[in-house]
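The values are calculated or read from the model by the stated rules, or taken from the named source; none is laboratory data. Keep in mind it's a predicted model, so treat the numbers as computed, not measured. Glycine gets a Cβ as well: all are built from the backbone with ideal geometry, and neighbour counts include every protein chain shown. Ligands, DNA and RNA are stripped out before the accessible areas are found, and what is left, the full protein with its side chains, is counted by its heavy atoms. Shrake-Rupley method; radii C 1.70, N 1.55, O 1.52, S 1.80 Å.
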Amino acid sequence: MTRSSVLIGCGSLAAGMTAGFIWAHRLQGVYWDGDPKVIVTILILAAYIGYTFLAQTAAWRGARASVLCILNFMFVIFSYSIVNRYLSHFHRYF
């Protein structure tokens, strides 16, 4: 169930990032502005894609895959709290 949830989340995140890049290009004329929030989001997507590949191997099933998924989720919480509050200048939500 975790792998299917991560796959749905990765697809949604990739679609949202693609739409965001297109929207940024329409507003600013560039696809990439180097905002830390964008960089961390790309790293989160890469971490979850890595999880999906590792969770399919026999050595990373069970507890190891669960720990990796929990660490990835802690990275998401870090993104929402620390990166939004202190590092990002364009994506402030509070």
- Task: Within the set of other residues whose C-beta is less than 15 Å from the C-beta of Thr2, count the net charge using Lys and Arg as +1 and Asp and Glu as -1.
- Result: +3
- Note on the structure: Per the rule of 0.36 nm per residue minus the C-alpha distance, extending Thr2 to Ile77 adds in nm 25.2 nm
- Query: What does the accessible area per residue of the chain come to in Å², with a 1.4 Å probe and no ligands, DNA or RNA counted?
  - Reply: 69 Å²
- Task: With θ set to phi - 60°, apply the Karplus curve 6.51 cos²θ - 1.76 cosθ + 1.60 along the stretch 57-68 and write out the HN-Hα couplings as whole Hz, x wherever there is a Gly or Pro.
- Result: 7, 5, 6, 10, 8, x, 5, 4, 5, 5, 5, 4
- MRE, 222 nm, helices only [DSSP H, n ≥ 4, -39500 (n - 2.57), over the chain, to nearest 500]: -23000 deg cm²/dmol
- Task: Pop out the carbon and sulfur fraction of the accessible area of the stretch 1-87 as a percent, whole number, probe 1.4 Å.
- Result: 72 percent
- Query: From the backbone phi of the stretch 70-83, what are the Karplus-calculated ³J(HN,Hα) couplings (6.51 cos²θ - 1.76 cosθ + 1.60, θ = phi - 60°) in whole Hz, Gly and Pro given as x?
  - Reply: 5, 5, 4, 5, 5, 5, 5, 4, 4, 5, 5, 9, 6, 5
- Message: Given points 7 Å out from each Cα along the Cα-Cβ axis, report the Phe53 to Ala14 separation in nanometres with one decimal.
- Response: 1.3 nm
- Message: How tilted is helix 2-28 with respect to the longest principal axis of the chain? Cα atoms for both, answer in degrees (0 to 90, nearest 10).
- Response: 10 degrees
- Item | Most fluctuating residue given options Leu43, Leu27, Leu68, as computed from a GNM of the chain linking Cα atoms under 10 Å | Leu27
- When you have a sec, figure out the Kirkwood radius of the stretch 10-75 from all distinct Cα pair distances and drop it here in Å to one decimal? 13.3 Å
- Could you list the chymotrypsin sites (Phe, Trp or Tyr not before Pro) in the stretch 3-75 that lie in coil according to DSSP, counting only those with at most 16 other Cβ atoms within 10 Å of their Cβ? Tyr31, Trp32
